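No lab work stands behind these numbers, since they all come straight from the coordinates. All figures in this text were calculated on a predicted structure; none of them were measured in a lab. Cβ placement follows ideal geometry from the backbone for every residue including glycine, while neighbour counts extend to all protein chains displayed.
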Amino acid sequence: MAFRHIRRSLSIELIKKNRMSKPYPYTRSDSSRSEAQLSLENILQGATPGAVSTHSRAILEPSVKPRDAKPRLLLMGLRRSGKSSIASVVFHKMPPNETLFLESTTRIQKDSIHSFMDFQVWDFPGQLEYLEPSFDLEDIFGSLGALVWVIDAQDDYLDSVARLNRTILTVQQYYPGINIEVFIHKVDALSEEYRQDAYQDIVQRITDELNDCGYENAPVHFYLTSIYDYSVFEAFSKVIQKLIPNLSTLENLITTLGNNCGFEKTYLFDVLSKIYIASDTRPVDMASYEMCSDYIDVIVDISELYSWDHPLRKAKGEQMQEAESHVVLHDDTMLHLMEMNKYLCLVSVIRNPEAREKKGLIDMNCRTFQEALNDVFSRSWEREEDQTT
Amino acid sequence: MDARKKKRKVLLMGKSGSGKSSMRSIIFSNYVAKDVRRLGATIDVEHSHVKFMGNLTLNLWDCGGQDAFMETYLASQRGNIFSDVAVLIYVFDIESREVDRDLDTYNAVIEALREFSPNAYVFCLVHKMDLIQAEHRQRIYEERSSLIRSRSEHFRVDTFGSSIWDQSLYKAWAGIVHKLIPNLTVIERFLSAFAKKIDAEEVILFERSTFLTVTSVSSEIGDLNPIYDRHERLSNIMKAFKHCAARNTLTTPASAGFVVMHTKTPQFNIFLGRFTDNTYIFLVVPPGEAAYNCAVLNTMLAREGFSKAAASGRSDGFPLPPPETPDDGASNGVNLGF
C-alpha cells in the first residue's frame, strides 16, 4: 500500500537523526560554538582528505566567532561576467532582462539574506585585486561557505580561468576546505554543442592546472548557468545545499514522506528566492523543478490579489494557519504545495492515480513532516545555549 | 433569432506594424509575448475561426495594414470586407509619428463601416503602451482616445490602452468578448444568485482556451478589494502557468489545462474548476474549511443546470429565482444587428 500513516516512522527517523547529528564528542564541552558552525565545518572537512582536516580545523577554529558566523557566499569573477546580475535575479527577484541596466559594481556589496538560514552574499567588483597583501585574507575568506566564481562563457575565458586558478591556489593554502563553485555563465546564447565544448575545456584547464601544482581532487564543482532560465536557480540550490546543516536529515525526511505518499518528486523550496534547499534522493529533472517553481509563483501572485485586509472580511470557520494548495493538470498530474513556515514550502509532483482520493492522508503526512522539519530547524542548540548562560 | 446565428465577423484593422497579429496570436493561438517577434507581416487578409465558449465562433479577419492593402479594402474590396461586421477592432500604435494620418485612415474605415454595417461595435486599442513611461501613460492615453472619439462619427467607441507585456491586453479583449456573448445576462443573473447562495466574495467565469474573463460577480465585501485589475492579472497568471505546464508535460499549450485547483490560505480560499465545456469557474470564499467544501460541492452540482442554460441561450429549464426584469426574453441575446 502506497499510503501509510507515517507519523511513527518519521518520528523514529527524527530521533535517530538527532542522535546522529552530534557526532563530535566535544560538542557538549565546547558550548561557545553553535551546532550550525560545527556542521558547516563538518561539511568543509568532509570535502578534504583526512590528513588535511586536522590542519584545517586548527586554522578555522580561531576564526569562528560565536553567533556572527553566518555562512558566506562570495561571488567573484572578471568584470562584466554577470555576478551582480546573478545576485539580483536570484536574491532580489529582478526580471532577467532588466539586469542590462545594472551599473558595474565598484565596491564589495554585502547582502544579508534572512531566510530559513541566515547567510551573506558578497558581490565582488571584478577588478578588485583581493590577493594583494593589503587585503586581509582572513577578513574575506574567514567564515566562508562557498566561493562562487562566474565565468562569461561568451567571452574569451582564458584570463578568467587563470585568475581563478591563482585564487584557488592561494585560498587553499590557508582554507583548504572551501567549496569552489564555478558558474560557466551566459550559456543561453550558445548552441548545445558549443556549450558542451566550453564546459569540457574549462573543466580540463582548471583541473590540469591544479593537478600540476600538486593540488589533486580539489573541491571544485562546475555548473552551466544562465539567468534567462532556471539553471542559475538550480545551480544556486546546489551551492546552498552544501551549507545547510542537517541536509541529510532533511533529505531522509523528504524521501520517507515521498515514498509513503507516492510522490514522484518533492522539493523543499525557499519561497522568496525559489532556491530549493532539499529534495528527495531521486534525480532532479528540470521539468518538475520548473513546474514546482512556477506553481509557487502562481500561488504567491494569487495571494497578492486576494490577501487584502478589511475589517468586514471575516472567516466563516476553523482553518489551518498555513497555506495549502494543489492543482490537477490535464494529464492527471497533481502538484501539491504546502507552506511549512515563514520561509519554506514543500512542493511535490504526484503522478499516483490514487492520490486524488487520498488527499486527506497526504495532507496529514505533510503536516507531520512539517512538525519534523520545524524541529530540525528550531535551532534547539540556541535555546540550550540561552539556558546555560 | 439573431442570437442563434452564432458566427460573428470580427475585423481587426490598423496600421502596419501596430501589433494586430501579435495580440491575436497571444490571445487565441497560445503564443507567449516574446515569441511574437517571429511573426511576419500579414499579407492581405488572414481569416481564422476562433471557437469561443464552444457555440460561439468568431470569424476573425486579420487585415494586413500596409497602405496598399488599406486602399483595396476601402475601394475594390469595400463591400466584401465591411458587410456583416459584428465588431471592428482598430489598433493604434501609441508610438506612431503620423497621428493625423492614422486618424484619417481610421475615419475612412469608419465611413465604410457606417455604409455597410451601421450597427457594428467599434473597439479602439491604443497599443504598445509599455513603451510610454508609466507616469505619462494615463495622460497620453486619454488625449489619444479623445482624438479617436472625435473621429468616430456616430459610433460609440470603447477604447482601451493595451500592451502585450502585461495584463492590459487581457482587459481589452475581455471587454471585447464580453460584448459578443449572446446569453450573457442569463449567465450573469445565474452567477450572482449562485454567489449569494454560497456566500462567495467573488465568482469569475473564465473562457477555457483563452482564459479571458467572460463575466464576474462579487459580493459587497468582494467589491472592496483594492486591486481593480485582478481579473486581467488572473488571466495572465493562469495562462502563464498553462504554458509552463504544457512545456513540461510535452504537449501543446492548446491541449494543456487544469482539471481543478484548490488553494487554502488564512485569508481566503480559492477554487478553480471546469464549469462547462468551455469555461472555468473561479470562486473566492472566506476562510473556513467546512464552508469552503460546501461551496465546492455546490459548484459541482450547479454545473449541470448551468451548462444547459449556456448551451441553449434561453432561460427554460434553468433553475433560477424569478427574473428581476419582466422583459427577460428580449435581453437574452445581445442584439448585434444582423
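In chain B, helical runs assigned H by DSSP with n ≥ 4 each contribute -39500 (n - 2.57); averaged across all residues and rounded to the nearest 500, the mean residue ellipticity at 222 nm is -12000 deg cm²/dmol. Taking other residues whose beta carbon is less than 11 angstrom from the beta carbon of residue B:132, and scoring Lys, Arg as +1 and Asp, Glu as -1, yields +1. Whole-Hz Karplus values for segment A:166-173 come out as 4, 4, 4, 5, 5, 5, 6, 5 Hz, taken residue by residue from phi with 6.51 cos²θ - 1.76 cosθ + 1.60 and θ = phi - 60°; glycine and proline positions read x. With θ taken as phi - 60° and the Karplus curve 6.51 cos²θ - 1.76 cosθ + 1.60 applied, the whole-hertz 3J(HN,Hα) list for segment A:332-340 is 6, 6, 10, 10, 10, 10, 9, 6, 9 Hz, x standing for glycine and proline.
The relative contact order of segment A:126-281 comes to 19 percent, based on Cα pairs under 8 Å that sit 6 or more residues apart. How large is log10 of I(q)/I(0) for segment A:100-255 at q = 0.18 Å⁻¹ when the intensity is taken from the Debye formula with one equal scatterer per alpha-carbon? The calculated log intensity ratios at q = 0.18 Å⁻¹ are -1.35. Scanning residues 5 or more positions from residue B:259 or on other chains, those with amide H under 5 Å from its amide H are A:328, A:329, A:330, with H placed 1.01 Å from N in the peptide plane. Taking all Cα-Cα distances within segment B:118-266, those exceeding 18 Å account for 68%. Counted as membrane-span-like here are DSSP H helices of chain B whose alpha-carbon atoms extend 30 Å or more along the helix's own axis and whose Kyte-Doolittle mean is -0.5 or above; these are B:289-312.
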